[in-house]
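The values are calculated or read from the model by the stated rules, or taken from the named source; none is laboratory data. Since we're looking at a predicted model, the values are computed, not measured. Glycine also receives a Cβ, built like all others from the backbone with ideal geometry; neighbour counts cover every protein chain displayed.
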C-alpha cells in the first residue's frame with residue numbers, strides 16, 4: 001500500500017516539476033533577451049551622451065561665431081566711419097589743391113602778362129640796387145611759395161587717397177571675414193538641427209528599449225510566480241498524500257533524509273570553497289544566502305548523482321548556468337549547478353554514482369566549481385550534514 005501511494009506522488013511531482021523546468025527555460029530565454037536589450041540600451045545611452053556632448057560643443061561654437069559676427073560688424077562700422085572721414089578729408093584736400101592751383105595760375109598769368117613792365121618798374125622805382133634785389137627776391141619767393149604749396153597739397157591729397165584705398169581694402173577684408181563666419185554659423189546651425197534630431201531618435205529608441213525591458217521583467221516575474229505556485233503544488237501534493245493515507249488508516253512511508261544513502265558527487269575533488277548559509281556575494285548576481293556548498297575542481301571533471309532518483313530538471317539559467325535537479329522521493333531533491341555540459345535529460349532515471357554532467361563555470365560563477373544543494377520538503381539544508389568527501 002505504501003508503494004502504491006508513493007508512485008502517484010512521484011508521477012505528479014515529476015509532472016509539476018516539468019512545469020518548473022518549462023518556466024525556468026522561459027526565464028532563461030527572457031533573461032538572455034533582456035540582457036541583449038540592456039546591452040543595446042547601454043549602447044544607445046552612450047551614443048546619446050556622445051551626441052549630447054557634441055550638441056553642447058556646437059552650442060558653444062555657435063555662441064562664439066555669433067560673438068565674432070557682432071565684433072566684425074562693429075569693426076566694419078568703425079572702418080566705414082574712417083572711410084567716410086577720409087573721403088571728407090580727401091574732398092577737402094582736393095578743394096585746397098584746386099584753390100591753390102587756381103591762385104597760382106592767376107599769379108603766373110599776371111606775372112607773365114605784366115612781367116616785363118613790372119620788372120622795369122621794379123628797376124626804375126627801386127631806390128637803390130639793394131632795394132631792387134629785395135623786390136626781385138620777393139617775387140621769386142612768392143613764386144616758390146606757390147609751387148611748394150601746390151606740391152604740398154598734391155602730396156596730402158595722394159596720401160589721403162592712399163589711406164582711402166587701404167581702408168576700403170580693410171573693409172572688404174572684414175566683410176569677407178563676416179560672410180565666411182556667417183556661412184560657418186549657417187553650417188553649424190544645420191549640423192545642430194541634425195544632431196538634435198539624432199537626440200530625439202535616441203530618446204525614442206531608449207524609451208522603446210526600456211519599455212521592452214520592463215515587459216520582459218514582468219514576464220520573468222510571472223514565470224517566477226508560476227514556479228513558486230508549482231513548488232507550492234508539489235508540497236500540497238505531498239501533504240495531500242499523507243492526509244489521505246492517515247484518513248485511510250494506512251501508514252504513509254516517506255523516507256527521511258537519513259534513510260537515503262548519499263555519495264560524494266565530485267570524486268575528483270574534496271576542496272570546499274564556499275559553505276552553506278550566509279556569505280559575502282562572490283560576484284554580481286550571486287546569492288549572499290548560500291543554499292548549498294561549492295566544491296572547486298578542474299574544468300570538465302565528472303559530476304556524479306549523489307543518490308538514485310529521477311531527473312526532474314535539466315536546463316540552463318542565467319544564475320545557475322547548466323544545472324540538474326534530481327528527485328530522490330520523500331520530498332528529497334539534490335541540485336547540481338554551473339556545469340560546463342549536462343549528460344542527462346529530464347525524466348531520465350539515474351543511479352547513485354552515475355555521471356550526470358561535468359564541472360564548469362556557467363551562470364553566476366567566479367571559476368570552475370560544482371554548486372551542490374540538498375532540498376527537503378521545499379527547503380534547502382546543509383549537504384555536509386548528510387554527505388562528506
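For residues in the range 351-389 being within 15 Å of residue 332 (Cα to Cα) and touching a strand residue (DSSP E or B) at 6+ places or on another chain (Cβ under 6 Å), which is modelled with the highest pLDDT?
Step by step, filter the range 351-389, then rank; the result is 372.
Take residue 209 and decide whether it is in a helix (DSSP H, G or I), more than 23 Å from residue 29 (Cβ to Cβ) and modelled with pLDDT of 85 or more.
no
State whether the residues of the range 262-278 include one that is modelled with pLDDT under 75 and surrounded by fewer than 18 Cβ atoms within 10 Å (Cβ to Cβ).
yes
Suppose the filter is more than 17 Å from residue 28 (Cα to Cα) and surrounded by 20 or more Cβ atoms within 10 Å (Cβ to Cβ); does residue 338 pass it?
No: the conditions fail for residue 338.
Looking at (1) more than 21 Å from residue 388 (Cα to Cα); (2) within 41 Å of the chain's Cα centre (by Cα), which is the only condition residue 311 fails?
(2)
Residue 227 - would you say it is surrounded by 15 or more Cβ atoms within 10 Å (Cβ to Cβ), under 23 Å from residue 325 (Cβ atoms) and touching a residue at least 60 places away in the same chain (Cβ under 8 Å)?
When the stated conditions are applied, residue 227 passes them.
For residue 355, state whether it is surrounded by 19 or more Cβ atoms within 10 Å (Cβ to Cβ) and closer than 14 Å to residue 304 by Cα.
On the way: surrounded by 19 or more Cβ atoms within 10 Å (Cβ to Cβ): no; closer than 14 Å to residue 304 by Cα: yes.
Taking the combined requirement at face value, the residue does not satisfy it.
Just to be sure before I move on: is residue 365 surrounded by 15 or more Cβ atoms within 10 Å (Cβ to Cβ), in contact with a helix residue (DSSP H, G or I) (Cβ under 9 Å, 6 or more places away or on another chain) and assigned to a loop (DSSP other than H, G, I, E, B) in the structure I sent?
Criteria not met by residue 365.
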